[in-house]
Every structure is written in C-alpha cells, then in structure tokens.
Amino acid sequence: MKKMSHILGGLALSVGLTLGGAASAQELHLYNWSNYFPPDLLKKYEAETGVKVTIDNYASEEDLLAKLQAGGGGYDVIFPGPTTLGTMIEKGLVANIGVNKMENFGNVLPPFQTLSVDADRSYSAPYMWGTTGFTYDPAMVPGGELEQSWKELFEPRDELKGNIAMLNEMSDVWNAAAYYLGVDKCTEDSGEAQKILDLLMAQKPHVKVYSNDGTIDRMSAGEVAVHMQWNGAAHRVKKNKPDAVYVYPKEGVTFWTDTLAVPANAPNMDAAKAFVNWMMDPENAAIASNYTGYSNAIRGSGEFLDASLSSDPAVNMPEEYGERLSGFKQCSPASKQLRERVWTKLKS
Amino acid sequence: MAVTENSVGQRRAAWRARAFLIGPAALAIGVFMVVPLLLMAWISIHERDFSGSVVWDSYSPEAYLRFIFERNLDDSLSWNFDYLSIILRSVWLSAITTALSLLVGFPTALFMATRSEKWRAILVFLVTIPFWTNLLVRNYAWILLLRDHGTINSFLLWTGIIGEPLPLLHNGFAVSVGLTYSFLPFMVLPIYASLEKLDPRLIEASFDLYANRVRTLWHIVLPAAKPGIIAGSILVFVPCLGSYVTPELLGGGKTMMIGNLIGLQFGAARNWPFGAALGFALLSLVLIAMTIYALKARPKAGSQ
C-alpha cells in the first residue's frame, strides 16, 4: 500500500522491463508500486521457471483500482492493500485462487493467515507489512532525543518548527491526528473532526512539506529533522544516517499490509497462481524484504534476511510496541466525508 | 484511378477518398474529445459510490452544489468557499505565470527574431529542447536547484552572500518559477512566429522618422507581436490552470490548485462525480478565456 520514494528509478525500471518484454510462450505481467519489487527476484523467477515477467508501476492504489474497474490492462498479479482488495473482492475484480490451499501457505505466519477483508485467505497472499510512524535525526533535534509521541510532529518544539515534513496521504495524516487526540479514527462526529482540523491547521505553518515522494532523500540530505514516514523508508534512511531513530508513537501507530492478488480476468491465470505460491517461499520473501526494507509475513525468512534488517528496530519491531499497533478499519461513508472535508480545508 | 470508369463509380471513389481523408480527424475528435466529455457529464450527475465509481441508477446535482455549499450533518446546506478559493488561487497563479512568461518570453523572442536566418533555426531548436525531457524530471531538477542544501543555496552560502539558506522551495515562489519555466516555450514560439514576419524596413523607417527605441518598440514591434502575445498568453494560461505536477512537487503539497483537487477526487477521496464536475468547471474557465480572446481578436482581424 505504500508508495516508494524513487519514482524516477521505478519509471526507468518499468520502461526497461516493458521494452525488454518480448513475446514468449509463458508470460506474467505484474502491476505494482514502483521500487517495490526486487529486479533480482524477477531474474531468479525467470531463471527457475522460464516465464518472462514484466512489471508496470502505479503511483497510487486508486490508479490500480481505476485500471481494473476500466477493464484490466492485462495484468496477472497485483499488490493491493486491504481497503482496495476489499473493494475488488466486493466488485468481483479479483479471482478466488485458493491461496489457503497452496503448497507454501503453511509458511505464512499465523497473524497473517487471515485478513479483515479476506478472512480465509482465498483471494490474497501477504506481501509486505509495515507501520506509519516518524523518523528523526538526533543530530538535528534539541538534546538529541524526542519523545515517543505524535506531539513532536503535531505540536513541534520551537527548534523544530519549519523543520518537519508530513506524508501527503489523507488517511495516514488523519489517523495519526486521531490517535494523538484520542479520537476514534472512524469518527462521525463533526465536533471531533473539527478538533482534528484545528490540530492540523495549527501544525501547518510549521510543516515544511507534505510529500510521499523522496522522503528518504529528504531525511538523508538533512532537509528536515523530523519526517512522518513509513518504516521501510526509515530503514533506508539509516544507510546514510545510521543514527536516525524511527518512533512508534505511544498514542498509536497505523499498521498496514499489502497483498498479492490475481485479477479476475488475468490472461495467464496458471502462471499467476504459481507465482503467488512461489512468493510465499521463505527465501524469496526474504529477498523481497531485503530490497524493500519492509517485513514479510513468511516463517523461516529470517535466516535469509540481511543483518542490517533483522537488527533494525524500524523493521524488526521490538515486541513491547506491539500494543501500539492499530490495524486497518473500514470507516463509514459519513466518516470518510468528514475526513475529506478536513483534508480539503487544510489544503484550500 | 482509371478514367474509363463510369461517373457513379468515380463519384463513389471520390466520396470514399473524402471519407478516408476526413475520417481520422473525425474519429480522433469523436474518440478523444466528444466521448470523454459526454462520459464526464454523465458521471458528474450521479451519486458517488464510496468505493470509487458511481451509483449508476441514481441522479443527483450534489456534485455541482458542492462548489459553493456544504452539506452539514443534519443535511442542511451552508456556504463553503474552500473550493472557490482553490479555483481562485489557480486563476491567480496562472495569471502570474502568464505575466512572467511574457516578461521573459517577449525579449527572448525579439532577440531570436533579429538574428540571422541560420542562427534563428538554431535558437528555435534550442527553445524546444526542454520538451525532450519529461515534465516530472524537469520539476525534480528544480527541487535539486531550489532546496535548502541545493545548488543555488549552496553557492550563495559559499560566496558568503547569505548566512542561512533562503526558503526557495515549497512555496508559491517555487510554484511560479516551476510553472513559468515549464510553459515559457509556449510564449516564446508564437511571439517569435509573429515577429519573424515583421518587415525590418518598418523599423528603419521608424528610426528615419526620428522615433527613439521606446517609441519604435511601442508603435512598430509590439503591434506586430500582438497576435503572438495573445496566442502565447492563452497557450500558457490554459494548461497552467490544470497543472498538477508542479504545485504538488514544488509547492510542497501545502496548497492545492484545481488539478490537484481533481486528482484528489479521483484518487484518495474516490468522489468521481465531484471530480467530473470540477473538470467541467475547469473547462468552462478555459472557454471563458477563449471567448474573451475571440472577442478581442475579431476587430483586429477585420482591420487587417
């Protein structure tokens, strides 16, 4: 569900792969976020199976949904988050491929053997999962340490004013504000929505930028001291700034999962199923994690993980933070409308 | 074609040839303009479906009411100027961009038009070079130039002119710069095309009659450039209104233009009817601008 930072790299990659995709007996077309699937893993799959794989990229799940609603695009495997997957199942856009009966399904960690919108995992296999917290650079904050609270972002200290960046993602920002204020994130109460708006409006002058792109680069280059961020991106920040700290705020952290699913009208249904099964293999899942910097949900992948990943609390969450995690919740239309109104007012 | 064929055959062949020649254009207009517009109109009068798409068996003026009213929780309507302020901002930023483009573009075009023939060809070629690169890439390049530790600030810090990085990125300034940069060629080329046709003897005559440079510019060069200026202004103003990438990347996502608001409706908000209605609002703004142009241009066309 998360957009990766280097759109440009992804574009270059997808163009290269698309151009390289000559017709062959067995083909497989993936549709994914940019920079969210390791090119080496594609080569491994091609070498093992002889199936020619191509990837196209989308910039948002809405693009993905819109494309499928418009009749497809000839994709075999897609990577939706639960919200989008739920819509797709409801509208019959994805195929029941019996993931729970697949050979490698036994490798899936128990918490991921079910999903709010796909309870018995008929339609989808888990891909990556992660959290939305924030990252800071200790060298750029007073005292070298921040509280484990959304307060640091929403009501920043004077020294940090103008030096913070937010994700430009309506639901992530809304959720975080709701956790901080102790409001239900699916609230239908306009008074509570007003409180969220007030918080965000008061914060806005101190925000340098709202953006989903280039979050890693922005932290690495020292453009901001604090950045609301996805944990995989936080991990990648540490390559340049080993001291950077990823915070799981005590008020609550949104936790998300992405899935592998197959469109109902996939041209290469059998190859698609084989691929989904192949991705639940521990080594392959680990290769994907090593590339994306996000955790996978496959038992036994730990031994194939890079040490830098397994030792990073941003990726390998310390257990005591488990209770701060807040999963996906399908909100009512009334609540969604409040959220949209708040977001538009914030940006108007 | 064989001359021996009878006239019916000839007529039929001529008709076929005509259909063959007009066909592609008619098809292109039909497929790429009429059908999408009808689709937009159709979608904009339905109720939204919260998972995306619309409820097909419903009809509702809600999307249009939303421009000025907002529906409260008790279903009563109250005034709401959020969307209008976004639209006004778009118009304002587009106007600034057009003015800046004119300010930079006119001297550039004049310079180009007064070079030798060989140089003109080279200069026109140079003006079009930015189009070889994707707009997204060019906007990223501006981020690298404008940001706190970017090229410009690093240089100014190095020279000691400033002690703190200037806030060049993520504000209205950055958006204006980015938009002006993106659309400048659309201003330069039409003005150049007008000035290229200007007879240099007219300028000589003006000087012979003791007009100074300013008067010559005002009374000879500017009137000659006017069609180009008008065409250029429209070519800059119109696409500027709908710009999406530049405000998003250079503006820091803090304020929306209409393009971003439409993007939000088809994206995260999943409100297709409102997105389509906004598309029509944008279209009508463009039509108003074009009508003004047509009214302005008509007396001129008569006098020429």
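A quick yes/no check of all residues on (1) more than 14 Å from the chain's Cα centre (by Cα); (2) assigned to a strand (DSSP E or B); (3) modelled with pLDDT of 80 or more; (4) over 23 Å from residue B:268 (Cα atoms):
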| residue | (1), (2), (3), (4) |
| --- | --- |
| A:24 | yes, no, no, yes |
| A:43 | yes, no, yes, yes |
| A:67 | yes, no, yes, no |
| A:75 | yes, no, yes, no |
| A:84 | no, no, yes, no |
| A:97 | yes, no, yes, yes |
Filter result (within 30 Å of residue B:136 (Cβ to Cβ) and either within 12 Å of another protein chain (Cβ to nearest Cβ) or among the charged types (D, E, K, R) (or both)) within the range A:166-200:
A:166, A:167, A:168, A:169, A:170, A:171, A:172, A:173, A:174, A:200
Is at least one residue of the range B:274-281 aliphatic (A, V, I, L, M), crowded, with 20+ Cβ neighbours inside 10 Å and without any contact (Cβ under 8 Å) to a residue 12 or more places away in the chain?
no
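Scan the range A:45-88 for residues that are of a type in the set (Ser, Thr, Tyr) and either closer than 27 Å to residue A:114 by Cβ or in contact (Cβ under 8 Å) with a residue 60 or more places away in the chain (or both) and jot them down.
Matches in the range A:45-88: A:45, A:49, A:58, A:60, A:75, A:83, A:84, A:87.
Please work out if residue A:310 is among the hydroxyl-bearing types (Ser, Thr, Tyr), in the same structural domain as residue A:41 (by TED's automatic domain parsing) and surrounded by fewer than 17 Cβ atoms within 10 Å (Cβ to Cβ).
On the way: among the hydroxyl-bearing types (Ser, Thr, Tyr): yes; in the same structural domain as residue A:41 (by TED's automatic domain parsing): yes; surrounded by fewer than 17 Cβ atoms within 10 Å (Cβ to Cβ): yes.
It is true that residue A:310 is among the hydroxyl-bearing types (Ser, Thr, Tyr), in the same structural domain as residue A:41 (by TED's automatic domain parsing) and surrounded by fewer than 17 Cβ atoms within 10 Å (Cβ to Cβ).
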Can you name the residue in the range B:245-267 that is more than 8 Å from every other protein chain (Cβ to nearest Cβ) and β-branched (Val, Ile, Thr) and, of all such residues, is nearest to residue B:177 (Cα to Cα)?
B:246
Being at positive phi and away from every other protein chain (no Cβ under 14 Å) narrows it down to one of B:160, B:105, so name that one.
B:160
Hits in the range B:160-178 (condition: part of a helix (DSSP H, G or I) and either small (Gly, Ala, Ser) or within 10 Å of residue B:251 (Cβ to Cβ) (or both)):
B:172, B:173, B:174, B:175, B:176, B:178
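Okay, residues lined up against (1) under 23 Å from residue A:275 (Cα atoms); (2) not in a loop (DSSP other than H, G, I, E, B); (3) not polar (S, T, N, Q):
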| position | (1), (2), (3) |
| --- | --- |
| A:88 | yes, yes, yes |
| A:111 | yes, yes, yes |
| A:114 | yes, no, no |
| A:129 | yes, yes, yes |
| A:146 | no, no, yes |
For residue A:94, are the conditions met, namely being among the hydrophobic types (A, V, I, L, M, F, W, C), within 14 Å of another protein chain (Cβ to nearest Cβ) and closer than 23 Å to residue A:37 by Cα?
yes
Hits in the range B:135-149 - residues which are within 18 Å of residue B:184 (Cα to Cα) and more than 8 Å from chain A (Cβ to nearest Cβ):
B:135, B:138, B:139, B:141, B:142
Against the conditions (1) buried (at least 18 other Cβ atoms within 10 Å of the Cβ); (2) at pLDDT 90 or above; (3) out of contact with any helix residue (DSSP H, G or I) (no Cβ under 7 Å at 6 or more places or on another chain), where does residue A:52 fall short? Just the number, please.
(3)
For the range B:48-60, indicate whether the set of residues that are away from every other protein chain (no Cβ under 14 Å) and either among the charged types (D, E, K, R) or assigned to a helix (DSSP H, G or I) (or both) is non-empty.
yes
Give just the number: which of (1) surrounded by 13 or more Cβ atoms within 10 Å (Cβ to Cβ); (2) of a type in the set (Ser, Thr, Tyr); (3) under 25 Å from residue B:178 (Cβ atoms); (4) out of contact with any Cys (no Cβ under 9 Å at 6 or more places or on another chain) does residue B:90 not satisfy?
(4)
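The values are calculated or read from the model by the stated rules, or taken from the named source; none is laboratory data. Treat the numbers as computed from the prediction; the structure is a model and nothing was measured. No Cβ is skipped: glycine too gets one built from the backbone with ideal geometry, and neighbour counts run over all protein chains shown.
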